[in-house]
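One structure is given here, and the rest of the page talks about it.
The values are calculated or read from the model by the stated rules, or taken from the named source; none is laboratory data. Note that the structure is a prediction, hence the values are computed from the model and not measured. Cβ coordinates were reconstructed from backbone atoms using ideal geometry, including for glycine residues, and neighbour counts include every protein chain displayed. Keep in mind that these areas ignore ligands, DNA and RNA; they rest on the heavy atoms of the full protein, side chains included. Shrake-Rupley method; radii C 1.70, N 1.55, O 1.52, S 1.80 Å.
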Amino acid sequence: MTTSETKRNHIESLLRACRLVSRINKNRPDCKKSELMYYQMLDKYFNNVQRAKQENGFLAAHTIFFPVEILYAMGITPLHNEVTTWTTALLLGNQAEFLTAGAEAGMAPEICSPHRGLAGGFYRQMLPRADVILWTNLICDNSAKAGEYLMELNRCPGFFLDHPFGDTQEEQAYMVEELKDMISFLEKHSGRKMNWDKLAQSVAEMDKQIKLHAEICQLRKAIPSPFPTRRFLEFLTVDYMFAGQPEATEYLVTLRDELAEMVQQKKGAVYPERFRLMTLFVPPIYLIAFLENLFQEYGAVSATEPLFTYWKYSPLDPSKPLESVVKKSYLIPESRTMYGPLGESTLQDIRDCARDYRVDGCIYYAFMGCRHTCATVKMFKDTLNEIDIPVLTLDCDLVDPTINSQSEVRDKMEQFFELLEDR
Amino acid sequence: MKAVGLDVGSLNVKAVILDGSSAVSFAMLTVSEGAEPSARAALDEAIISSKLNGDELYIVATGVGGKAISFSQQQKAITTCLARGVHYLFPAARMVVDVGAETTTVLKINDRGRVTDWAGQDKCAAGTGMFLQAMAKIMQVSLKDMAEYSLRAKNRADITGTCAVFAESEVISHIHRVPPTPKEEIIAGIHASMVSRIMGLLKRLGIEKEVAVVGGVALDGGFIHVLEEELGFKVLVPENPQMVAALGAAILAKENLEKGVR
């Protein structure tokens, strides 16, 4: 915290970037309504964050896979740490500033880059100071270890939500108790009360959203695949930031209808569609536009992401809101497939997706700062190789551009497309 | 029309000309004034030694500088070319180890000479030809004499560094020990450190017989000896291991000509 410049609030910059993208999108003839809605949602989200600080609101900074529906039902403004960092990387391209700040804050380069960046963001006051820090072990070890330091940086209290690995009745009951403790903690520190009716409404919305996610999964099985690679992050962010909120339902309905129309018209996200891919883990976010262009150039499309977007519907019960929040936490594809010991069901999901989405190959984005991502390279690759699906393992980072260059990524992708073509 | 393969590497550019299914000529030149002029010079040299008379050429370029060759009809990835080249020379080969100047690549190939999987080491010079060259300089031994020293060694010095710079420090510390580690043992240790990195790549893909070793480092008998010891079986080394990617590119050019692609 050396100069006034480093204290610049990046939320304001994010808001300006969202509005600029929205203006550009409005003038793009191929821009879908859902894409416009997405940027409006981001605008609203970061505007809420801004207002929370300006209008005596209560700002809860939280780690990934935290049940935001609880916060919305209590009138507390959420600030999703990881999404804020990667949205910054994507829209502002100033991730280096966050990562340098993270290094100043004492974050070693081996740590997950979004976590380094967000620590740096708080350290240099590029992000607004949170009133509470909420963190959980779902699904990431870094998240589990991040909370105390974030509390220190924000000089605020915090709550660790302990999510059990398994989903037995006892473990689900334990998780319900954890949520109750967290609600008491939030009531004490925010002065706000839980609105149980609002939470029940959120659960009803979540039920619709999971159904919509599952429908979208079905639509993406079509040949050609209707969903462009670059919009994968939208799909994640909507759930991470707006779970249980009506705008997320509206977005998903619009997206589903758009995809259904494309499927009916046999229109694909790329033309001609030459390579249907499965992608595992998250592509380098700062290269997402470059990857989209490369995929367009080669006629490649990510038809399925079994670890992130492969939702399976199971009903939630609004009359049991906390139990439903817990149930939903086990339905999230990431937690279903990656949390805790790796089970046969995850490998089966991968096999099922390879078959159902008729994939030609798989790109494994081995995010080097993520233990989860790198630990499973061999098993996932062997699983796919057994069913004759070639796998490209691309060592990369989510937001840190120093790990590999664009030309290196291009070379490897081109080699892989050549391998697929030559089979 | 003759099929030509050009492999534009970081140190050398290689050209192979095919007539039917046989390589009629090849040439290798050091990259000097940029990729394109060097490639043209290598091609000219290959043309002269082939005694071709004004034949039209169909050229496939590969290697790190392959995309820079404006006079080629097509550019292909080095992995595809290596697979074709090795399959042509050794149809039974199912794995390829390519140790070039700056990269190490291990491929799995099928019975049609197609790549089924690959893994590369391109983040650090350790384990590459450049590394071996740097080590030879430190050891004050010519590259071609490295094998002789290595094969004479009764033991191998421990060189555990996974980074070229750290490995160099280890080698220097062996030289300055009292008494110094014998030269033979240090050089055998250098070969063993390279092999250990390559074994990691081979195991990642799953080792399958037969294994062909190509690239300039395959000319180093000491390296090959250590690799064979680690694998527990003999590997296949072509007569001109540096030319295999160019040969593969020429085979791809020939395939294109046969398909009527111009």
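Which of the numbered conditions does residue B:108 fail, given that it passes all the others? Conditions: (1) of a type in the set (Lys, Arg); (2) in contact with an Asp or Glu (Cβ under 6 Å, 6 or more places away or on another chain); (3) away from chain A (no Cβ under 14 Å).
Exception for residue B:108: condition (3).
Being of a type in the set (Lys, Arg), at pLDDT 95 or above and not in a helix (DSSP H, G or I) narrows it down to one of B:209, B:234, B:154, so name that one.
Exactly one of B:209, B:234, B:154 is of a type in the set (Lys, Arg), at pLDDT 95 or above and not in a helix (DSSP H, G or I), namely B:234.
State which residue is farthest from the other protein chains (Cβ to nearest Cβ) when the search covers only the range B:111-122 and only residues that are within 17 Å of the chain's Cα centre (by Cα) and farther than 18 Å from residue B:89 by Cβ.
B:121
Please go through the range A:269-301 and give me each residue that is in a helix (DSSP H, G or I) and either free of Cβ contacts under 8 Å to residues at least 40 places away in the same chain or over 16 Å from residue A:363 (Cα atoms) (or both), ordered by number.
To start, the set of residues in the range A:269-301 that are in a helix (DSSP H, G or I) comprises A:285-298.
Selection gives A:286, A:289, A:293, A:296, A:297.
If residue A:359 satisfies every condition in (1) buried (at least 21 other Cβ atoms within 10 Å of the Cβ); (2) within 13 Å of chain B (Cβ to nearest Cβ) but one, which is the exception?
(2)
Does the range B:23-58 hold any residues that are under 20 Å from residue B:259 (Cβ atoms) and open to solvent by 10 Å² or more (accessible area, probe 1.4 Å), and which are they? If you could, list the steps in order and put the result at the bottom.
First, pick out the residues of the range B:23-58 that are under 20 Å from residue B:259 (Cβ atoms): B:55-58.
Within the range B:23-58, B:55, B:56, B:57 meet the criteria.
Mind listing whichever residues of the range A:106-140 are among the polar types (S, T, N, Q) and either open to solvent by 10 Å² or more (accessible area, probe 1.4 Å) or under 22 Å from residue A:286 (Cα atoms) (or both)? Show your work before the answer.
Restricting attention to the range A:106-140, the residues satisfying the condition of being among the polar types (S, T, N, Q) are A:113, A:125, A:136-137.
Of everything in the range A:106-140, those that are among the polar types (S, T, N, Q) and either open to solvent by 10 Å² or more (accessible area, probe 1.4 Å) or under 22 Å from residue A:286 (Cα atoms) (or both) turn out to be A:113, A:125, A:137.
Assess whether residue B:248 counts as being modelled with pLDDT of 95 or more, open to solvent by less than 10 Å² (accessible area, probe 1.4 Å) and not assigned by TED's automatic domain parsing to the domain that holds residue B:133. I'd like the intermediate steps shown before the answer.
Details: modelled with pLDDT of 95 or more: yes; open to solvent by less than 10 Å² (accessible area, probe 1.4 Å): yes; not assigned by TED's automatic domain parsing to the domain that holds residue B:133: yes.
Spelling it out, residue B:248 is indeed modelled with pLDDT of 95 or more, open to solvent by less than 10 Å² (accessible area, probe 1.4 Å) and not assigned by TED's automatic domain parsing to the domain that holds residue B:133.
For residue B:214, only one of the following conditions fails: (1) in contact with a Gly (Cβ under 9 Å, 6 or more places away or on another chain); (2) open to solvent by less than 10 Å² (accessible area, probe 1.4 Å); (3) free of Cβ contacts under 8 Å to residues at least 24 places away in the same chain. What is its number?
For residue B:214, the exception is condition (3).
Condition first: open to solvent by 30 Å² or more (accessible area, probe 1.4 Å) and either at pLDDT below 90 or under 29 Å from residue B:175 (Cβ atoms) (or both). Now tell me which residues in the range B:95-119 satisfy that.
If we filter the range B:95-119 for residues that are open to solvent by 30 Å² or more (accessible area, probe 1.4 Å), which is where we start, we get B:102-103, B:108, B:110-112, B:114, B:116, B:118.
Of everything in the range B:95-119, those that are open to solvent by 30 Å² or more (accessible area, probe 1.4 Å) and either at pLDDT below 90 or under 29 Å from residue B:175 (Cβ atoms) (or both) turn out to be B:102, B:103.
Go through the residues of the range A:88-105 one by one and say whether even a single one is crowded, with 23+ Cβ neighbours inside 10 Å and in contact with a strand residue (DSSP E or B) (Cβ under 8 Å, 6 or more places away or on another chain). Working first, answer last.
Filtering the range A:88-105 down to residues crowded, with 23+ Cβ neighbours inside 10 Å leaves A:88-89, A:95, A:98-99, A:101-102.
Filter once more, keeping what is in contact with a strand residue (DSSP E or B) (Cβ under 8 Å, 6 or more places away or on another chain): none.
No: zero hits.
I need a count of the residues in the range B:134-185 that are among the β-branched types (Val, Ile, Thr) and either in contact with a strand residue (DSSP E or B) (Cβ under 8 Å, 6 or more places away or on another chain) or more than 19 Å from residue B:197 (Cβ to Cβ) (or both). I'd like the intermediate steps shown before the answer.
To start, the set of residues in the range B:134-185 that are among the β-branched types (Val, Ile, Thr) comprises B:138, B:141, B:159-160, B:162, B:165, B:171-172, B:175, B:178, B:181.
Next, only the ones that are either in contact with a strand residue (DSSP E or B) (Cβ under 8 Å, 6 or more places away or on another chain) or more than 19 Å from residue B:197 (Cβ to Cβ) (or both) stay: B:141, B:172, B:175, B:178, B:181.
Final tally of qualifying residues: 5.
List the number of the failed condition for residue A:371; all other conditions in (1) open to solvent by 20 Å² or more (accessible area, probe 1.4 Å); (2) within 14 Å of chain B (Cβ to nearest Cβ); (3) not polar (S, T, N, Q) hold.
(2)
Give the residue that is surrounded by the fewest Cβ atoms within 10 Å (Cβ to Cβ), with candidates limited to residues of the range A:224-268 that are in contact (Cβ under 8 Å) with a residue 40 or more places away in the chain and polar (S, T, N, Q).
Among those that are in contact (Cβ under 8 Å) with a residue 40 or more places away in the chain and polar (S, T, N, Q), it is A:254.
Taking into account only those residues within the range A:378-403 that are in a strand (DSSP E or B) and open to solvent by less than 50 Å² (accessible area, probe 1.4 Å), which is farthest from residue B:118 (Cα to Cα)? Step through it out loud before you land on a result.
Step one: of the range A:378-403, the residues in a strand (DSSP E or B) are A:391-396.
When the remaining residues are screened for being open to solvent by less than 50 Å² (accessible area, probe 1.4 Å), the result is A:391-394, A:396.
Values: A:391: 9, A:392: 8, A:393: 9, A:394: 11, A:396: 17 Å.
It comes out as A:396.
Condition first: part of a helix (DSSP H, G or I) and modelled with pLDDT under 95. Now tell me which residues in the range A:347-377 satisfy that. Break it down stepwise before answering.
Step one: of the range A:347-377, the residues part of a helix (DSSP H, G or I) are A:347-356, A:371-375, A:377.
If the condition is that a residue be part of a helix (DSSP H, G or I) and modelled with pLDDT under 95, then A:371, A:372, A:373, A:374, A:375, A:377 are the ones that fit.
For the condition open to solvent by 10 Å² or more (accessible area, probe 1.4 Å), under 23 Å from residue B:132 (Cα atoms) and among the β-branched types (Val, Ile, Thr), what is the one hit in B:207, B:190, B:172, B:186?
Details: B:207 fails: under 23 Å from residue B:132 (Cα atoms); B:190 fails: open to solvent by 10 Å² or more (accessible area, probe 1.4 Å); B:186 fails: open to solvent by 10 Å² or more (accessible area, probe 1.4 Å).
Result of the check over B:207, B:190, B:172, B:186: B:172.
Just name the residue that is farthest from residue A:310 (Cα to Cα) out of those in the range A:167-216 that are in the same structural domain as residue A:322 (by TED's automatic domain parsing) and of a type in the set (Val, Ile, Thr).
If we take residues in the range A:167-216 being in the same structural domain as residue A:322 (by TED's automatic domain parsing) and of a type in the set (Val, Ile, Thr), then A:203 is farthest from residue A:310 (Cα to Cα).
Give the range A:404-418 a look and list any residue that's at the interface with chain B (Cβ under 9 Å from one of its Cβ atoms) and open to solvent by 30 Å² or more (accessible area, probe 1.4 Å), or say none.
A:408, A:411, A:412, A:415
Cβ-Cβ below 8 Å, separation at least six or inter-chain, first residue in the range A:322-346 and over 14 Å from residue A:137 (Cα atoms) and open to solvent by 20 Å² or more (accessible area, probe 1.4 Å), second of a type in the set (Gly, Ala, Ser) and not in a helix (DSSP H, G or I): which pairs?
Going by the 8 Å Cβ cut-off, the qualifying pairs are A:327/A:314; A:331/A:314.
How do the pairs read when you match residues in the range A:1-29 that are at negative phi and acidic (Asp, Glu) with residues anywhere that are surrounded by 12 or more Cβ atoms within 10 Å (Cβ to Cβ) and at pLDDT 90 or above, using Cβ under 9 Å and keeping only pairs 6 or more apart or on different chains?
Final answer for the pair search is A:12/A:46; A:12/A:50.
Among the residues of the range A:323-333, are any among the aliphatic types (A, V, I, L, M) and within 14 Å of chain B (Cβ to nearest Cβ)?
Initial filter on the range A:323-333 (among the aliphatic types (A, V, I, L, M)): A:325-326, A:331-332.
Pick out the ones that are also within 14 Å of chain B (Cβ to nearest Cβ) and you get none.
No; the residues of the range A:323-333 include none that is among the aliphatic types (A, V, I, L, M) and within 14 Å of chain B (Cβ to nearest Cβ).
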